[in-house]
Each structure stands twice: as C-alpha cells, then as structure tokens.
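Enquirer: Mind having a look at this structure? Questions to follow.
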Amino acid sequence: MGRLDLIYSSELPHRARSVYIYLADRANKDGECWPAIPTIAKELKLSQTTVRRALNDLRKAGWLQTEQRYRKNGAKSSLLYSIKRD
C-alpha cells in the first residue's frame with residue numbers, strides 16, 4: 001500500500017484530500033508545516049473558505065492537528081499543521 005492510499009480510500013471530500021496532499025508535500029520529517037491559508041488557496045486554486053472547510057474536515061477526521069502560533073509581541077502568527085502519516 002502506498003503512503004497516500006489511506007487518504008485516497010477515505011470518505012473525506014475531495015477538497016480535504018487535496019489540502020492533505022498539499023500539506024504532506026510541504027511537511028518536514030516530523031509531519032509539520034505552516035503555510036498560510038491564502039497561500040494554500042492560491043496554489044490549489046481553491047477559495048480560502050474552501051481551504052478552511054477542508055482543514056476542518058481533516059481535523060474532525062483525525063488526519064490533522066493545528067496549533068496557533070504567536071509572535072514575541074503576542075500577535076498571531078501562522079498555524080502549525082501536524083499531519084497524520086499512516
């Protein structure tokens with residue numbers, strides 16, 4: 001079984017599969033990456049709303065964890081995405 005076979009055979013919507021594959025392609029060896037939602041949307045040619053829905057789909061299904069990151073001054077920074085790699 002290939003490393004993406006589980007995501008392909010899942011019941012997730014197409015938008016979630018696309019975003020997962022995008023994140024997996026950009027993740028480091030620990031399965032972490034931090035692209036901005038507008039960047040994901042632009043590169044996948046999806047709306048930002050669709051990307052947000054896909055991220056929510058992935059979190060609910062247990063394929064993704066997100067963590068809000070903050071700058072030293074307390075302002076929000078990018079989200080840290082941790083993907084499941086089974």
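The values are calculated or read from the model by the stated rules, or taken from the named source; none is laboratory data. Because the structure is a prediction, the values reported are computed rather than measured. Ideal geometry is used to build each Cβ from the backbone, glycine not excepted, and the neighbour counts take in all protein chains shown.
Enquirer: If you scan the stretch 7-20, which residues turn out to be exposed (fewer than 14 other Cβ atoms within 10 Å of the Cβ), in a helix (DSSP H, G or I) and not hydroxyl-bearing (Ser, Thr, Tyr)?
Expert: 14
Enquirer: In the stretch 60-86, which residues are in a strand (DSSP E or B) and among the aromatic types (Phe, Trp, Tyr)?
Expert: Hits for the stretch 60-86 are 70, 81.
Enquirer: List, please: which pairs have Cβ atoms under 6 Å, are six or more places apart or on different chains, and start with a residue in the stretch 23-45 that is closer than 13 Å to residue 82 by Cβ and small (Gly, Ala, Ser) and end with one that is surrounded by fewer than 17 Cβ atoms within 10 Å (Cβ to Cβ) and modelled with pLDDT under 95?
Expert: Hits for this filter: 31/85.
Enquirer: A follow-up question, please. Cβ contacts < 9 Å: first residue at positive phi and without any contact (Cβ under 8 Å) to a residue 24 or more places away in the chain, restricted to the stretch 62-76; second residue surrounded by 11 or more Cβ atoms within 10 Å (Cβ to Cβ) and of a type outside the set (Phe, Trp, Tyr), any location; separation 6+ or different chain. Result?
Expert: Here the result reads 62/84, each pair linking the stretch 62-76 to a residue that is surrounded by 11 or more Cβ atoms within 10 Å (Cβ to Cβ) and of a type outside the set (Phe, Trp, Tyr).
Enquirer: Only one of (1) buried (at least 19 other Cβ atoms within 10 Å of the Cβ); (2) touching a residue at least 60 places away in the same chain (Cβ under 8 Å); (3) of a type outside the set (D, E, K, R) fails for residue 55. Which number is that?
Expert: For residue 55, the exception is condition (2).
Enquirer: Return yes or no: is residue 38 surrounded by 11 or more Cβ atoms within 10 Å (Cβ to Cβ), over 12 Å from the mean Cα position of the chain (by Cα) and either of a type outside the set (S, T, N, Q) or at pLDDT 95 or above (or both)?
Expert: no
Enquirer: Would you mind stating whether residue 46 is part of a loop (DSSP other than H, G, I, E, B) and either among the aliphatic types (A, V, I, L, M) or surrounded by 11 or more Cβ atoms within 10 Å (Cβ to Cβ) (or both)? Reasoning before the result, please.
Expert: On the way: part of a loop (DSSP other than H, G, I, E, B): yes; either among the aliphatic types (A, V, I, L, M) or surrounded by 11 or more Cβ atoms within 10 Å (Cβ to Cβ) (or both): yes.
Taking the combined requirement at face value, the residue satisfies it.
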